[in-house]
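The block underneath contains the structure these notes are about, expressed in structure tokens.
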């Protein structure tokens, strides 16, 4: 069974009520999108034939994010190579199993 894990950024939308204080002071200058546009990437990931059988991808704005070099700013999107590295994912998975005392799901 192929590895089909994918991720998309959760931080852009602000559904529901949030105080003016949060908007004014905490998120000043932070990019913000609407809940429907944030949901679009998840829906695209779940339904696009372009992604069938592919995994270990980071998605943003309804496309596979570009890998950004360590010397490049992240303010224009993208993903760092270490965030999608298979060995790092395996290490995190094993650590998570040990930390929670759970067993891996049989494949």
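Residues in the stretch 71-107 that are over 22 Å from residue 41 (Cβ atoms) and not in a helix (DSSP H, G or I): 71, 101, 102, 103, 104, 105, 106, 107.
Among the residues of the stretch 83-107, those identified as exposed (fewer than 10 other Cβ atoms within 10 Å of the Cβ) and either within 19 Å of residue 56 (Cβ to Cβ) or out of contact with any helix residue (DSSP H, G or I) (no Cβ under 9 Å at 6 or more places or on another chain) (or both) are 87, 98, 99, 100, 101, 104, 105, 106, 107. Considering only the stretch 34-47, I want to know if a residue exists there that is more than 13 Å from the chain's Cα centre (by Cα) and at pLDDT below 75. Checked the stretch 34-47: at least one residue is more than 13 Å from the chain's Cα centre (by Cα) and at pLDDT below 75. Among the residues of the stretch 52-60, none qualifies, meaning not one is at pLDDT 90 or above, surrounded by 11 or more Cβ atoms within 10 Å (Cβ to Cβ), over 27 Å from residue 34 (Cβ atoms) and out of contact with any helix residue (DSSP H, G or I) (no Cβ under 6 Å at 6 or more places or on another chain).
The values are calculated or read from the model by the stated rules, or taken from the named source; none is laboratory data. Please read all numbers here as calculations on a predicted model, not as lab measurements. Backbone-built Cβ (ideal geometry, glycine too); neighbour counts: all protein chains shown.
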